[in-house]
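Here the structure comes first, spelled out in structure tokens, and everything after it is commentary.
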Amino acid sequence: MLDNDIEKVLVSAEEIKEIAEKMGKQLSDDYRGQFPLVIGLLKGCVPFMGMLVTEMDIHVELAFMDVSSYHGGIESSGDVKISKDLDISVSGRDIIIAEDIVDTGRTIKVITELLKYRGAKSVKIATLLDKPAGRVVELSPEYVGKVIPKEFVVGFGLDFNEKYRNLPYVGVLKQSVYK
Ligand code: IMP
């Protein structure tokens, strides 16, 4: 039924699995001997972060923040609001932020600066998708699953008005759904 609202599939379920395997292996190699703190930005991070950490064969600690920059529409508001903060210290920690997508880059930039201000030793970004054409701040995620064009996408954590996060792939919504 959800499939009916999708114009085209941009990243298939199989491709997402391959991305998670490759990125998980790379992160394991890069962080071997360390105990990184993987921070997920709710709620979009949930499916990809879950898949990514199960592809890592080193010890990791998981934590979550609820941060929003979109308020129900398809354009970023530019406002970054923290509605759930971390309940642990990040001082001296190596942090990997697990994200669904980096678009304008505002959310990640604000959170990265906050974590560094709080004493994080390093902060790197692992994102399933990157939309560099949407960037308004200077920022390049260190780990990118797939670069996509400046289109509004849903699925695998990404929502439109809180819906479609549970699609097992990433796709472009039919205009008729949001127009
Ligand atoms: P940024 O601060 O503009 O980089 O936005 C990051 C957040 O905006 C992501 O974590 C998503 O929640 C949301 N977002 C950006 N692009 C899309 C999209 O194409 N579909 C759904 N949500 C998006």
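The values are calculated or read from the model by the stated rules, or taken from the named source; none is laboratory data. No experiment lies behind these values; they were computed from the predicted model shown. Neighbour counts run over all protein chains shown; Cβ positions are idealised from the backbone, glycine included. Surface areas here come from the heavy atoms of the whole protein model, side chains and all, with no ligands, DNA or RNA. Shrake-Rupley method; radii C 1.70, N 1.55, O 1.52, S 1.80 Å.
Put a dot 7 Å past the Cα of Lys25, heading toward its Cβ, do the same for Leu42, and the two dots end up 3.4 nm apart.
Each Lys and Arg contributes +1 and each Asp and Glu -1, all at the Cβ; summed about the Cα centre of the chain, the dipole is approximately 360 debye. The fraction of accessible area contributed by carbon and sulfur in the chain is 50 percent, rounded to a whole number (1.4 Å probe; ligands and nucleic acids excluded).
Give me the 1.4 Å probe accessible area per residue for the chain, excluding ligands and nucleic acids, in Å². Present the calculation step by step, with values, prior to reporting the outcome.
Values: 8940 Å² over 179 residues.
Each residue of the chain exposes 50 Å² on average to a 1.4 Å probe.
Of all beta bridges that DSSP places with both ends in the range 38-179, some 25 percent have antiparallel geometry.
Given in Å, the Rg to one decimal and the Dmax to the nearest whole number for the Cα atoms of the chain are 15.7, 50.
Taken over the range 84-157, the alpha-carbon convex hull comes to 97 cubic angstrom per residue. The per residue volume of the convex hull around the alpha-carbon atoms of the range 124-179 is 103 Å³. What's the FRET efficiency of Ala63 with Asn4 using the Cβ-Cβ distance as r and R₀ = 35 Å, to the nearest 0.05? Once rounded, the FRET efficiency stands at 0.45. Based on alpha-carbon atoms, the Kirkwood radius and the radius of gyration of the range 1-68 give Rg/Rh equal to 1.06.
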